[in-house]
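One structure is given below, encoded as structure tokens.
The values are calculated or read from the model by the stated rules, or taken from the named source; none is laboratory data. Predicted model, so just to flag it, every value in this text is computed and none were measured. Here Cβ is always computed from backbone atoms with ideal geometry, including for glycine, and neighbour counts include all displayed protein chains. SASA here: full protein model, heavy atoms, side chains in, ligands and nucleic acids out. Shrake-Rupley method; radii C 1.70, N 1.55, O 1.52, S 1.80 Å.
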Amino acid sequence: MSFPKIHINGKGENSGVNKWKLVMRQISYIYDLYNSGTSGLVLPREAFPEFRGETVTWDSFLIECENREITRFHASMSVVSTLEDKTMLAMEIFQREVLDKKYQADDANIVLTT
């Protein structure tokens, strides 16, 4: 399978590759929550302070985000909802083909910005 060359613009703690790494970590936590079933799990406080270290299930997480208008998790929730059991494979491919390859903007077919 052939992948386009992708460059990620932006520098700094909350942009560019660093921002994508944070998003990937968030997706990983949300994926674990998605798979936790009815027992749920405790999301890390530093990444999910709105949930105050309480045990949540996938359904309660979705409801709380909607009721409290917490939108910063929507993209990650959408990735997990769409890809389901293929989520982590997609994340591994993104890591390998985008983050690890570090193409320069001049060499890239696609340039992402944050």
Accessible-area ranking of Ile63, Ile70, largest first, probe 1.4 Å: Ile63, Ile70
Work out the P(r) tail for the chain: percent of alpha carbon pairs separated by more than 16 Å, whole number. 64
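Can you check what the net charge comes to around Trp58, using other residues whose Cβ is under 12 Å from the Cβ of Trp58 (Lys, Arg +1; Asp, Glu -1)? Spell out each step's value before the answer.
Numbers: positive: none; negative: Asp32, Asp59, Glu64, Glu84.
Neighbour charge sum, excluding Trp58 itself: -4.
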Hydrophobic long helices for the chain, i.e. whole DSSP H runs reaching 15 angstrom or more by Cα along the axis with Kyte-Doolittle mean at least -1.0, come out as 16-34
Quick one: among Leu43, Leu33, Leu62, which has the greatest mean-square fluctuation in a GNM of the chain with alpha-carbon springs under 10 angstrom? Leu62
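How would Lys86, Lys19 rank on accessible area, largest to smallest, probe 1.4 Å?
Details: Lys86 125, Lys19 70 Å².
From most exposed to least exposed: Lys86, Lys19.
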Counting only DSSP loop positions in region 14-89, the GluC sites (Glu not before Pro) whose Cβ has at most 16 other Cβ atoms within 10 Å are Glu46, Glu54, Glu69
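Express the accessible area of the chain per residue in Å², computed with a 1.4 Å probe while the remaining protein chains stay in the model.
Values: 7410 Å² over 114 residues.
Here the per-residue accessible area is 65 Å².
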If you put +1 on each Lys and Arg Cβ and -1 on each Asp and Glu Cβ, how big is the dipole of region 1-107 around its Cα centre, in Debye rounded to 20? 400
Could you point to the residue in Thr57, Tyr34, Gln95 farthest towards the positive end of the chain's charge dipole, with +1 and -1 charges on the Cβ of Lys/Arg and Asp/Glu respectively? Gln95
Sorted peptide list for 101-108, 73-80, criterion being average Cβ within 10 angstrom, highest first: 73-80, 101-108
Would you mind telling me which residue in Asn18, Asn67, Asn35 has the biggest mean-square fluctuation in a Gaussian network model of the chain, where springs connect alpha carbons within a distance under 10 angstrom? Asn67
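Rounded to the nearest 500, what is the 222 nm mean residue ellipticity of the chain from helices alone, with -39500 (n - 2.57) per DSSP H run of 4+ residues and division by all residues?
-12500 deg cm²/dmol
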